[in-house]
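Below: one structure, written as structure tokens.
The values are calculated or read from the model by the stated rules, or taken from the named source; none is laboratory data. Because the structure is a prediction, the values reported are computed rather than measured. Methodologically, a virtual Cβ is constructed for each residue, glycine included, from the backbone with ideal geometry; neighbour enumeration extends over all protein chains shown.
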Amino acid sequence: MPISSMTGFARASGERHGLFWQWEIKSVNGKALDVRLRVPPGFEALETPVRAALAAAFRRGNLQVSLTISGQMGRETVRLNQEILDRLVEAGETLRNRIGGKPLRADVLLSIKGVVEVASVPEEEGEAEARNAAMLESFQEALTSLAGARREEGDRLNAVVSAQVQRIAELADAARHNPSRTPEAIRARLAEHVHRLMETGAAFDPERLHQEAVLVATRADIEEELDRLGSHVEAAQALLASNDAVGRKFDFLAQEFNREANTLCSKAYDRSMTAIGLDLKTVIDQLREQVQNIE
């Protein structure tokens, strides 16, 4: 199973009995799983199953989830307020008997505020459950789409990171076989130091000569750093082939790569070795940037 990215976007919509909805999920990188969920009032029952589904699907990432609603959630009915209508008719007839006039018209009465009321029919419990189930089914579609988008981005990451790890292995091998590490090169550097000491005109100091020899030999010895770089390369390749969320481990491993590259640069006693160390640091910095997006 390829590595997964934490970057992706997905959308899914649905409809039931005149009610339309749309889910949107945006995902970016994060140190842990952080879910920000926004649902309209009246749909709070969806929050728990949505969060549970996200936790089951992903290990890391900042997720922004939103639900938008349009249309009518329930049916509406028209109701005649008989009490108000009776009072209006009674008052109108009393006034007409007193001052005269035409009988009250129905359309006039119905236009008076409060006579006709539009009321929503309460949604049956079974219908609410069916609607929520349909909305969660749509959310699952968005979730599946997001997982696919993150895997697709993970494929790209896999190729980039694999190439960077391979480049680190090549540079480590170049450092291991660098001519500056040969006994002949080390003896030449030691001879140069002895010559420099002799040119100062100072008295010959065997202890100083010994210290210089130890310094040259120590700076030429990068075997431990190269061995650790090789071990880190193997670990990185194993992570790339893992079925688990490896982003945290890769981030730590990239720091270890950087530590060894820094030590190698500090020990470099030759321009060619310094160039290799700087190339290593450049590739490792690029690697550290890429692994920030791995789940």
Under 7 Å between Cβ atoms, at least 6 apart or on separate chains: pull out the pairs that start in region 260-279 with a residue that is assigned by TED's automatic domain parsing to the domain that holds Gly230 and end on any residue that is of a type outside the set (Ser, Thr, Tyr) and part of a loop (DSSP other than H, G, I, E, B). Leu264/Ile222; Lys267/Ile222; Ser272/Asn178; Met273/Asn178; Thr274/Ala268; Ile276/Asn178; Gly277/Ala268
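Among the residues of region 228-270, write down those that are hydroxyl-bearing (Ser, Thr, Tyr) and part of a loop (DSSP other than H, G, I, E, B).
Result: Ser242, Tyr269.
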Taking into account only those residues within region 236-250 that are surrounded by fewer than 15 Cβ atoms within 10 Å (Cβ to Cβ) and of a type in the set (A, V, I, L, M, F, W, C), which is nearest to the chain's Cα centre (by Cα)? Ala241
Thr77 versus (1) of a type in the set (Ser, Thr, Tyr); (2) at pLDDT below 80; (3) farther than 30 Å from Glu137 by Cβ: which is the lone unmet condition? (3)
Considering each of Val161, Val165, Val233 in turn, give the residue that is β-branched (Val, Ile, Thr), at pLDDT 70 or above and touching a strand residue (DSSP E or B) at 6+ places or on another chain (Cβ under 8 Å). Val161
What residue, of Glu93, Glu44, is free of Cβ contacts under 8 Å to residues at least 12 places away in the same chain and not assigned by TED's automatic domain parsing to the domain that holds Phe139? Glu93
I'd like the residue in region 80-113 that is of a type in the set (A, V, I, L, M) and not in a helix (DSSP H, G or I) and, out of all such residues, is surrounded by the most Cβ atoms within 10 Å (Cβ to Cβ). Leu104
In region 259-272, the residues that are over 19 Å from His232 (Cβ atoms), of a type outside the set (Gly, Ala, Ser) and touching a helix residue (DSSP H, G or I) at 6+ places or on another chain (Cβ under 7 Å): Tyr269, Asp270
Can you name the residue in region 21-43 that is at pLDDT below 95 and more than 16 Å from the chain's Cα centre (by Cα) and is also surrounded by the most Cβ atoms within 10 Å (Cβ to Cβ) among such residues? Phe43
